[in-house]
1. Let me know the volume per residue of the alpha-carbon convex hull for chain B, in Å³.
2. Answer with one residue from A:Ser422, A:Ser439, A:Asn152: the one whose Cα lies farthest towards the positive end of the charge dipole of chain A, charges on Cβ with Lys, Arg +1 and Asp, Glu -1.
3. Among bridges DSSP assigns within the protein assembly as shown, what percent are antiparallel (round to 5)?
4. Rounded to the nearest 0.05, what FRET efficiency is calculated for B:Gln40 and A:Ala63 with R0 set to 56 Å and r the Cβ-Cβ distance?
5. Just list whichever of A:Lys79/A:Lys242; A:Lys36/A:Lys198; A:Lys121/B:Lys9; A:Lys38/B:Lys9; A:Lys56/A:Lys121 have alpha carbons separated by over 32 Å in the model shown.
6. Which one, A:Gly238, A:Gly277, A:Gly260, is farthest towards the positive end of the dipole of segment A:237-297 when Lys and Arg carry +1 and Asp and Glu -1 on their Cβ?
7. Assign unit charges at the C-beta atoms only (+1 for Lys and Arg, -1 for Asp and Glu), then state the dipole size of chain B relative to its Cα centre in Debye, rounded to the nearest 20.
8. Quick query: amide H of B:Gly83 versus all other amide H atoms, modeled in the peptide plane; which residues come in under 5 Å with a sequence gap of 5 or more or a different chain?
Amino acid sequence: MSDVTDLGIAQLRDGIRMGTFSAREVADAFVVKVSKAKALNAFIVETPDHAIAAAKETDAARAAGETLKPLAGVPIGMKDLFATKGVQTTAASHILQGFKPVYESTVSQRLWDAGAGMLGKLNMDQFAMGSSNETSYFGNVISPWRRGGGDNAPLAPGGSSGGSSAAIAARIVPGATGTDTGGSIRQPAAFTGISGIKPTYGRCSRWGVVAFASSLDQAGPMARSVQDCAILLENMAGFDPKDSTSLELAVPKWEANLSGNLRGKKIGIPKEYRVDGMPPEIEALWQRGIDWVKDAGAEVVEVSLPHTKYALPAYYIIAPAEASSNLARYDGVRYGLRELAEGQNLQDMYAATRAAGFGEEVKRRILIGTYVLSAGFYDAYYTQAQKVRTLIAQDFENAWAYCDLLLTPTAPSAAFALGEKSADPLAMYLNDVFTVPSSLAGLPAMSVPGGLDKGGLPLGLQIIGKPLDEQGVLDAGLAIEQRAGFTARPESWW
Amino acid sequence: MSVDTATVKKVASLARIAISDSDAERLAPELNNILGWIEQLGEVDTSSVEPMTAVIPNTLRLREDVVTEGQQRDAVLQNAPQGEHGFFTVPKVVE
């Protein structure tokens with residue numbers, strides 16, 4: 001039998017249903033892969049017992065002739081931003097080291113209710129702040145990909161969902177959860193040659209997801225095919241009364257309705273995304289994407305999103321402002337780390353705990369957020385950023401008069417080497433130039449692999465849709481996937 | 001505008017993060033660099049624009065004013081760094 005760890009979510013689900021292999025065989029095979037892949041540092045905690053328990057339940061249900069659940073026996077990875085009952089949840093921060101939630105996040109609970117099992121908690125950028133997975137307290141995640149020509153420099157798997165992207169690309173998990181605040185699902189997906197979708201803001205409950213910037217944070221799936229993303233998203237999304245921004249809407253049948261036929265669709269190419277200094281390989285990839293969607297029947301039109309260049313600076317006010325408020329809860333009192341020297345008072349304890357518990361990038365963003373919200377600066381920074389955000393959302397609204405979807409590159413480059421950008425926060429922030437605008441507007445957006453650069457590294461294409469049109473986004477993703485024929489995979493060195 | 005080390009220390013104090021003098025000196029130019037870049041937002045004419053409050057139109061729901069998940073003191077205290085007699089404990093704040 002071929003190796004089950006080469007299979008995706010749909011193939012595993014169907015194989016278990018048909019009895020081609022047992023859920024236990026699948027779980028055992030992935031557990032071994034995970035345990036042997038320590039060099040990637042993709043996991044903070046491994047939970048083989050969880051995956052095996054779900055598999056046993058599935059095999060027993062099948063033996064009893066019961067109808068199997070939608071994800072019965074499929075093991076997945078869980079980003080460490082999701083609270084998992086009794087399993088350490090840290091957001092990759094020292095300040096939450098040892099924290100074992102007494103509750104389960106809504107999204108993870110939905111996945112377990114659908115029959116999935118958990119292989120472990122995936123490493124990430126600390127509090128989801130980063131684009132390279134270099135801000136985790138638990139060490140960098142190493143991308144399974146390497147540049148060609150014997151260059152073994154460790155590469156960034158993208159961030160913040162870098163443990164998720166690395167694990168999926170390395171085939172040690174078939175799929176995983178991610179979260180996306182400004183590109184944290186799409187950029188790592190692009191860097192590692194996999195797919196990932198951020199749904200419309202409000203589709204997935206934020207309850208039990210460690211908060212970074214609440215008006216932007218959205219959970220979404222990452223996997224190696226568009227169909228697999230659709231399956232996972234169907235089992236993550238849905239109304240949750242415990243999240244006040246959760247949308248009270250039924251979950252569409254995204255998988256059943258998938259179609260790569262784009263006849264009748266208009267796809268917009270935003271001219272402002274042709275940024276100065278765009279590498280020719282990214283331009284060429286974009287053109288191939290345009291040709292593929294035309295081949296699938298779509299009409300391609302140029303559109304304008306005039307406020308695009310202001311999206312990143314607006315984001316770097318809004319996200320740190322919300323983070324500085326959200327992260328005020330880490331005070332050394334109710335959970336997590338406490339630093340208290342003999343003779344210190346309560347204020348000293350707060351300051352010492354937060355100094356010891358937060359990483360450098362987290363502190364930087366809390367300080368920026370505190371500054372822009374402080375008396376005298378609030379209107380100049382925060383209110384102005386929220387007004388610009390309105391204009392960015394209006395840009396998209398205006399574009400929908402001319403098209404149904406937008407096609408852009410996902411990131412301005414292929415994966416860079418670890419350490420290459422970590423000394424310059426601004427250079428790092430610019431990685432999210434193509435993903436942040438749709439985050440600010442709350443729109444569904446996905447990245448699919450489009451090909452390799454000349455160094456043999458994956459490049460991604462992004463599709464952005466109207467609010468609630470995940471189906472349109474997935475369909476265009478599928479049309480590209482069918483034409484890109486992306487089969488490259490990293491050679492195992494781990 | 002420019003952030004000096006005194007401002008960095010003040011903001012850090014507001015954010016309850018202890019920082020050393022050398023941290024403040026290192027952070028001042030870093031934050032200035034980021035804030036300088038952010039200031040390009042000032043170019044945008046927003047005089048007739050409302051600040052965004054919700055990305056997707058949604059109404060806040062009301063629920064019955066009843067206890068939903070009460071009686072969970074021990075669970076709530078389970079992850080406390082320090083607790084006594086069913087309470088969180090902190091250094092003495094009143095003399």
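What follows draws every value from the coordinates through simple rules; no lab data is involved. Everything numeric in this text was worked out from a predicted model, so none of it was measured. In this analysis, Cβ positions are derived from the backbone assuming ideal geometry, glycine residues included, and neighbour counts consider all displayed protein chains.
1. 276
2. My answer, from the dipole projection, is A:Asn152.
3. On the way: 31 of 44 bridges.
The antiparallel fraction comes to roughly 70 percent.
4. Values: r = 64 Å, r/R0 = 1.14.
After rounding to 0.05, the efficiency reads 0.30.
5. A:Lys121/B:Lys9; A:Lys38/B:Lys9
6. A:Gly260
7. In total the dipole reaches around 300 debye.
8. B:Thr89
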